[in-house]
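Data block below; observations after.
The values are calculated or read from the model by the stated rules, or taken from the named source; none is laboratory data. Since we're looking at a predicted model, the values are computed, not measured. All Cβ positions, even for glycine, are placed from backbone atoms using ideal geometry, and neighbour counts span all protein chains on display. Side chains are part of the model used for accessible areas, which takes the heavy atoms of the whole protein and leaves out ligands, DNA and RNA. Shrake-Rupley method; radii C 1.70, N 1.55, O 1.52, S 1.80 Å.
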Amino acid sequence: MARASGEEAKPASPIYGVTVPDGYRDWRLIAPALEDAPLNELRAVLGNDVAVRAYRAGTLPFPDGSVLVKLAWTRTPSSEFESATVPGPATTVQVMVKDATRYPQSGGWGFGRFIDGKPVDAAQHQTCFACHEARVKERDFVFTRYAR
């Protein structure tokens, strides 16, 4: 699609060309997660309508058009409730886009990892698929299970 004069392209991940989807903060929650040291993060994975339908139906592999977005924040003790942990500063936004035609070499998934809206370097993106392939190949390379 042509861009209007003076309009900048959205930052895209190296290797995959994945961008942060517009409106993703309004998507449905797939599941929260807690990551221990060394990252010490609170995480939430959101999915677009295609991904949510696949999760609910137990569809594997995920259909093309599925998009998952993981939000991550540092774990911070709550100042109002001492036994609670709340989100602190944001650390990353990570995106997985299912498109078997575009990403045949990575199980049909494209990956993007962004800090402050900017993609991290190619070296970090080269580790994405290898990690997913080594641990969750049988679940179409997706770590997050649907929280019911």
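Looking at the chain, the accessible area is 61 square angstrom per residue; that uses a 1.4 Å probe and ignores ligands, DNA and RNA. If the chain linking D49 and E133 were pulled fully straight, counting 0.36 nm for each residue of separation and taking away their Cα-Cα distance, it would gain 27.8 nm. Surface composition of the chain: carbon plus sulfur atoms contribute 53% of the solvent-accessible area (1.4 Å probe, protein chains only, all chains present). Projection of the Cα convex hull of the range 68-135, averaged over all directions and equal to a quarter of that hull's surface, yields 6.0 nm².
Taking the Cα centroid of the range 62-114 and of the range 115-148, what is the distance between the two, rounded to the nearest whole Å? Cα centroid of the range 62-114 versus Cα centroid of the range 115-148: 9 Å apart. Taken over the C-alpha atoms, the chain has Rg and Dmax values of 16.1, 52 angstrom.
Each label point was placed 7 Å from the Cα along the Cα-to-Cβ direction; for Q105 and R148 their separation is 3.9 nm.
Our estimate of slack between V120 and T59, defined as 0.36 nm per intervening residue step minus the Cα-Cα distance, is 18.9 nm. Hand me the tally of lysine pairs in the chain: alpha carbons under 16 angstrom apart, and the pair either on different chains or 8 or more positions apart. Taking the Cα cut-off of 16 Å, the pair count is 4.
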